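Notes to accompany the following structure.
The values are calculated or read from the model by the stated rules, or taken from the named source; none is laboratory data. In this text, all values refer to a predicted model and were calculated from it rather than measured experimentally. Here Cβ is always computed from backbone atoms with ideal geometry, including for glycine, and neighbour counts include all displayed protein chains.
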There are 2 protein chains.
Amino acid sequence: MTAGAPAGFYGLVEGELEELRRRLHDVGRGAHPTFAAAAMHLFATPGKLLRPTLVFLSARFGAAGAGGMTLDLAESLELVHTASLVHDDIVDRAALRRNVPTVNAVWDQDVALIVGDYLFAKAYALAAVLPKPEVIAMVAQTVFALCDGELTEISAPARMPNESEYLERIELKTASLYAACCQGAAILADAEPEHVAALGAYGTNIGLAFQITDDVLDLVGDEGDLGKEVGRDLAEAMPTLPMIYAVADMDGDRRELSRRIVAPDKSPGEVRELLAAIRASGGIERARERARGFHDAAVEALGRLPERPERDALRDVADFVLARER
Amino acid sequence: MTAGAPAGFYGLVEGELEELRRRLHDVGRGAHPTFAAAAMHLFATPGKLLRPTLVFLSARFGAAGAGGMTLDLAESLELVHTASLVHDDIVDRAALRRNVPTVNAVWDQDVALIVGDYLFAKAYALAAVLPKPEVIAMVAQTVFALCDGELTEISAPARMPNESEYLERIELKTASLYAACCQGAAILADAEPEHVAALGAYGTNIGLAFQITDDVLDLVGDEGDLGKEVGRDLAEAMPTLPMIYAVADMDGDRRELSRRIVAPDKSPGEVRELLAAIRASGGIERARERARGFHDAAVEALGRLPERPERDALRDVADFVLARER
């Protein structure tokens, strides 16, 4: 495990990541000043760039290798991701994302709406020049999945979903994009069909592991930690896998706990009580195990790829996704 | 002029329009039920379909003629248009559009946001399969233009624009899409470069004529007419060309009239008074003349195309755009 050195897997693709950061920094150049300012704001701190890292590593398994068009795909999918976050933050009325004020908070929701549309359009414009129509179509398919996931989220009745409903939602909202990064890059680089399939399976599985881990991290840790927000999903009445397991595991009144979890407008005290109840259950550990299962499936898929440093790096990404603490 | 028989120009492309209506009707099939219902609602009454008509007529000037891919382009651009209206209605907090309740009114603004994203993604997915990358890129460029126009609109200071600022805005928000319909179809059908250019110029000019006429129609006519809303642009403090001319033409205090036009939250009485002042000025007639100028430029561009029934139909579309009464 490289949990202690998460930056390890970046090494092989540092040049490409550097170029991507430059491009993201310039996304708004020449555009409407409001969009330019919002893009600057969004990409001032580009984050972990896990998805582009997957694009660059996956492209190395193709005969064509990584080239300028791999950068176009990486930028396109990163813009799809960013656009969907900008629109999600409108729907969630979120003022902060990873401690940075959202576009709807800095400007307003109308500006955020158009900025998101603009980012989607930039993403498609980049995808449009890719030489493989199936990869262009994949970018649009990924947006369908994100929209389906978001519609499922906002039109879900206020009740606990079961495990498979939860998994379906996170496959749409998170894993589809991870899969597109890995599979799209492999197709673009002319990888063998069985390697494309292996990378697709790897992407889906680490996407699922990533989201479950994210949902666990929302329930553990200390409010006192720098930049750490705890219990946001509870505050927003968004049921996640550890909560589903917590309810299933409990001896007492399951219906009552479910009802409290999905209730809107909770007081901070109620959020704290629910956090304590969920932490006291086996739900969090069971969810971590489920994430580990997807991690293991991802690693297994890597076994169908040729042995090379990029494969080790992908394995390190999988380990990091599971072991990360924020 | 065929103003008395606006349906005339549809005749040549009725088969394609019929197929397009079928496709639009099915846009939501198999998708998330909320999206499917919203798509049904949006395409239950598909409207004038002027833009697709331009696509089908323009494609006839190419060696390849109209085929399945022309339908893909027509559907793609009609979806871009619809998506941008759905998002504009959120920004405008509009409850009705052409007398039909908006998606944000029937559902809510969160659903409308995702439905718009979905429609954009459908539009790009259709464009992605087109065999010419420059046409795919054109679809994305059109969305940039729409976003730029909308950002200009929402971040404009509350003052009267001058004529060229107004024209720049409507070129972005309306004419770019008309130009993409004509030019994109011609490129797709392998038309000669000079015919592509002529159709592009035609599209831009009738787009400008269309929007100026729209802005005039908002200021004339009778509230009593079935389905007619008058003075919406005044109520929304959206300065248009007839207002700009009305201010320029007046003898009295221009600054005072400008201030009243761009003032937010007008009473119905104030809207009526402003309507009367603008109608009494030469602004409306001058705007109609400006629209006629763009109409004439569009017709002139048609002169660079070979003589055939489709050219006559495009001329009829130009006449209709100018002469229509709603």
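General observations
- Taking residues in segment A:104-117 that are facing chain B (nearest Cβ under 9 Å), and partners anywhere that are among the basic types (Lys, Arg) and surrounded by 19 or more Cβ atoms within 10 Å (Cβ to Cβ), not one pair has Cβ atoms closer than 6 Å while being at least 6 places apart or on different chains.
- Top-ranked residue in segment B:129-140 [being surrounded by fewer than 22 Cβ atoms within 10 Å (Cβ to Cβ) and more than 7 Å from every other protein chain (Cβ to nearest Cβ); ranked as farthest from A:GLY30 (Cα to Cα)]: B:PRO131
- From the list A:HIS81, A:HIS87, the lone residue that is in contact (Cβ under 8 Å) with a residue 24 or more places away in the chain and within 23 Å of B:ILE136 (Cα to Cα) is A:HIS81.
Condition check ((1) modelled with pLDDT under 95; (2) part of a helix (DSSP H, G or I); (3) among the aromatic types (Phe, Trp, Tyr)) across all residues:
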{"site": "A:GLY8", "(1), (2), (3)": "yes, yes, no"}
{"site": "A:LEU20", "(1), (2), (3)": "no, yes, no"}
{"site": "A:ARG29", "(1), (2), (3)": "yes, no, no"}
{"site": "A:ALA39", "(1), (2), (3)": "no, yes, no"}
{"site": "A:ALA63", "(1), (2), (3)": "yes, no, no"}
{"site": "A:MET69", "(1), (2), (3)": "yes, yes, no"}
{"site": "A:ASP72", "(1), (2), (3)": "no, yes, no"}
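- Segment B:268-283 residues that are polar (S, T, N, Q), paired with ones that are surrounded by fewer than 16 Cβ atoms within 10 Å (Cβ to Cβ) (beta carbon under 8 Å, 6 or more apart): B:SER281/B:ASP249
- Residues located in segment B:232-260, provided they are within 15 Å of B:VAL216 (Cβ to Cβ) and buried (at least 18 other Cβ atoms within 10 Å of the Cβ): B:ASP233, B:LEU234, B:PRO239, B:THR240, B:LEU241, B:PRO242, B:MET243, B:ILE244, B:TYR245, B:ALA246
- Sole residue being part of a helix (DSSP H, G or I), at pLDDT 95 or above and crowded, with 16+ Cβ neighbours inside 10 Å, chosen from B:LEU113, B:LEU12: B:LEU113
- Hits in segment B:90-103 (condition: out of contact with any Asp or Glu (no Cβ under 6 Å at 6 or more places or on another chain), more than 7 Å from chain A (Cβ to nearest Cβ) and buried (at least 21 other Cβ atoms within 10 Å of the Cβ)): B:VAL103
- Scan of segment B:56-85 for residues that are of a type in the set (Gly, Ala, Ser) and more than 14 Å from every other protein chain (Cβ to nearest Cβ), ordered by number: B:SER58, B:ALA59, B:GLY62, B:ALA63, B:ALA64, B:GLY65, B:ALA66, B:GLY67, B:GLY68, B:ALA74
- Enumeration of residues in segment A:146-187 that are hydrophobic (A, V, I, L, M, F, W, C) and within 14 Å of chain B (Cβ to nearest Cβ): A:LEU146, A:CYS147, A:LEU151, A:ILE154, A:ALA156, A:LEU172, A:LEU177, A:ALA180, A:ILE187
- Test set (1) buried (at least 18 other Cβ atoms within 10 Å of the Cβ); (2) within 21 Å of the chain's Cα centre (by Cα); (3) at the interface with chain B (Cβ under 9 Å from one of its Cβ atoms); (4) closer than 20 Å to B:LYS122 by Cβ - A:ALA125 fails condition number: (2)
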